[in-house]
Amino acid sequence: SRPVQLAYDVAAASGEGATRPPVVFLHGLFGSRANFTSLVDASVSLRPYQMVTVDARNHGDSAHAPTMSYTEQSLDVRALLTVPPLSPAVLVGHSMGGKVAMATALQWPELVAGLVVLDVAPVLTRGFTPFRDFIGAMERVSFAGAQGTRSQARALVDSQLAPRIPDSTIRQFLLTNVTERRAADGGDGARFGWRVNLEAIVRHIDCLFDFPRPAEGASYSGPTLFIGGGDSPYI
């Protein structure tokens, strides 16, 4: 399949940083490039590297597509990296983004100067049952009564999610995906909707928690750092 166009932001480096490999940040499921804004903002005054934050397909401002396997997502990243001067790059991936980063490094190691994987491993991810509950709750949301501002729409959606997702921190994260629709979006007449392509995520949830078997002989020998959360069930 063809890669989709990914939305991304670039924070330029200065001095020696401009000659170093750029750092490309890849977010997790239901996230967006905005997840890394505070990290980039805290680092940008030093400008040690060019930093690139990316929206995955079916997330954020990137294009939607009916499929989203790791093979396809890595093709998206490859297309991004082959636009000069973004490769070779250091890939920093969290959760789903970590698997995309690893899949990219295994297939095109020449494009990856280094690899940082956050809270995930290149195997079937265990302990992800809550994600199915989150998806089920999101599917049940009705946007029909959402009017006024985006904040008001988020409050309405929050009230629908709360009975099924009691953790307010998780709800606030999911609510970042409430967006105002363009006139051409959807056929239900609702003014607001989910920014993520929920249908595609539902169809591919099993493969998103798995990891594609690398081609025989595929390997990545560049600098690699794995970081796991001490209380996280995902690694």
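Brief remarks on what is shown
- Simple spin-label estimate for R132 and I205 in nanometres, 7 Å along Cα-Cβ: 0.7
- Entry for Cα extents along the principal axes in Å (calculated from the structure that is shown) out of (1) 51, 39, 38; (2) 53, 44, 31; (3) 63, 40, 27: (1)
- Anisotropy class of region 129-205 from Cα gyration tensor, a/c 1.5 cut: oblate
- 3J(HN,Hα) from dihedral phi, region 104-119, Karplus parametrisation 6.51/-1.76/1.60, rounded to Hz, x for glycine, proline: 5, 5, 5, 8, 9, x, 5, 8, 10, 7, x, 9, 10, 10, 10, 6
- Nearest-ten-degree value, helix 198-208 long axis tilted from longest Cα axis of the chain: 40
- Residue among A121, H59, S43 farthest towards the positive dipole end of region 18-121, charges placed on Cβ: S43
- Within the chain, DSSP assigns beta bridges of which about 30% are antiparallel (rounded to the nearest 5).
- Nonlocal amide H pairs with V178, under 5 Å, H built at 1.01 Å: R195
- Amide H contacts under 5 Å for N58, placed H, 5+ residues apart: A63, H64, A65
- Using 0.36 nm per residue and subtracting the Cα-Cα separation, the extra length available between L39 and E180 on full extension is 48.1 nm.
- With the highest mean first, a sort of the peptides 85-97, 3-15 on other beta-carbon atoms found within 10 angstrom per residue produces 85-97, 3-15.
Every read-out reported here was derived from the displayed coordinates using simple, explicitly stated rules and does not represent laboratory data. Here the structure is a predicted model, which means the values were calculated and not measured. Every residue, glycine among them, receives a Cβ derived from its backbone with ideal geometry; neighbour counts consider all protein chains shown.
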